[in-house]
Amino acid sequence: MANIWIGLCSILALVWVSSGRIRRDDQTEVLVSDCLYSKWDAWIKCFDANDDGVVALDDLKQTSDKFIHLHELIEEEKDAVEEQFNKWWTTILLWNGNEITPDDFVTTQANAFMHDRHGFVNRMQVGEEFFNSILDTDNDGFISEKEESIFLVAVGQTDDKKNHDFFEGFTSEEKGEPIEEMTSIWVDYLTNEECSEIENVIRYLDQKD
Ligand SMILES: [Ca+2]
Ligand SMILES: [Ca+2]
């Protein structure tokens, strides 16, 4: 009996270690997988363009300005892109605040995820569709390597080879990856509790710490 008890305790300990624990506002303890925590953490850190440990409005401005410059957008396009970036960044990344730390971001994500999973997945779906529509500057329904790379450089990821290898993990088609496919990959990354997504996304984001 003692051995059975020890075995049970070991299994429970493994379950405990493999899950993140947070306390919701109503003081009900809930669990989110460590994998999902680590994916959110790696993702939000991508948007810290000035690398000061906080994702804020100055990162937004730096990214948006560089994106507009690299795409050589004309005045009307520039205003629209600025507005779209501002809307997406403040809603999806900052949760309507002015700045957020990676720790606060993952906690906020976890609370929303546990409170209403369906609503959370929908939020990520709408967010990624909107984000990819910003990246698709030529409006052909595909994210090309150039469009993806320009955003990555704009947000401070300037290693061209790494960005090229990353994009090749999505597709080798000249037109790029269809927006629906790109959106689906990222929604899966941001909502699936398993670490089973395409390897290049995990590997690329992990290298950013
Ligand atoms: Ca920052
Ligand atoms: Ca395109």
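Every number here is computed from the coordinates shown, using simple stated rules; none is lab data. This structure is a prediction, so every number in the text was calculated from the model and none was measured. Every residue, glycine among them, receives a Cβ derived from its backbone with ideal geometry; neighbour counts consider all protein chains shown.
Worth pointing out:
- Cβ-defined net charge surrounding residue 68, 9 Å radius [Lys, Arg +1; Asp, Glu -1]: -2
- Test item: Cα-centred dipole of the range 34-206, Lys/Arg +1 and Asp/Glu -1 on Cβ, debye: 420
- Bridgeable lysines around residue 45 (alpha carbons under 21 Å apart, same-chain partners fewer than 8 residues away excluded): 61, 66, 87, 161, 162, 208.
- Anisotropy class of the range 62-209 from Cα gyration tensor, a/c 1.5 cut: oblate
- Selection among 205, 133, 157 by position relative to the dipole of the range 75-209 gives 205 as farthest towards the positive end (Cβ unit charges, Cα centre).
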